Structure formats: C-alpha cells, structure tokens
1. Over the chain, what is the relative contact order in percent, taking alpha-carbon pairs closer than 8 angstrom and at least six residues apart?
2. What is the order of 24, 57, fewest Cβ neighbours within 10 Å to most?
3. Please give the calculated 222 nm ellipticity per residue for the chain, where each DSSP H segment of at least 4 residues contributes -39500 (n - 2.57) and the sum is spread over every residue; nearest 500 deg cm²/dmol?
4. If one takes the longest principal axis of the Cα atoms in the chain, at what angle in degrees, from 0 to 90 and to the nearest 10, does the Cα axis of helix 40-62 lie?
5. What do you get for the angle between helix 2-19 and the principal long axis of the chain? Use alpha-carbon atoms, 0 to 90 degrees, nearest ten.
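Since every read-out is calculated from the coordinates, none of them should be taken as a lab result. Please read all numbers here as calculations on a predicted model, not as lab measurements. Positions of Cβ are generated from backbone atoms using ideal geometry, with glycine treated the same way; all protein chains shown enter the neighbour counts.
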C-alpha cells in the first residue's frame with residue numbers, strides 16, 4: 001500500500017498545481033483558442049469538479065487501505 005499512497009499523493013499534488021491556474025485563465029483561453037467561452041458556468045463547473053477529484057486523491061492518499069473499494 002505504500003506505492004498506492006505515493007501514487008495518489010503525487011497525482012493529487014500534481015493535479016492541484018495544474019488545475020488551479022485554470023480559474024484565472026478563462027479570458028486567456030478564449031483569446032488563444034477561439035471561439036471564446038460562452039458558458040463560463042460549464043467551464044468553472046468542469047474546473048471545480050476536476051479540482052475536487054484532486055482533493056479526493058489526496059484524501060485517498062492518507063489511507064488507501066481503508067478507502068479502497
């Protein structure tokens with residue numbers, strides 16, 4: 001279970017570091033990759049759900065044996 005703990009921990013930390021800047025990049029993404037984002041609620045919903053999953057990975061990393069299916 002030590003390997004699973006490290007994998008979930010690294011995945012969670014990496015995901016948080018990669019996904020968090022997307023909260024501030026909505027306008028930049030609209031300019032770089034047209035068309036602009038017309039439904040920001042869907043954009044922020046996707047970013048939010050993805051960030052919550054990264055937090056879930058960090059929670060699983062705390063005790064993967066107890067939280068396995």
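1. Over the chain, the number comes to 54 percent.
2. Listed from fewest to most nearby Cβ atoms, that is 24, 57.
3. Values: 3 runs with 48 residues, N = 69.
Roughly -23000 deg cm²/dmol at 222 nm, from the helical runs in the chain.
4. Helix 40-62 sits at roughly 10 degrees to that axis.
5. The angle comes out near 10 degrees.
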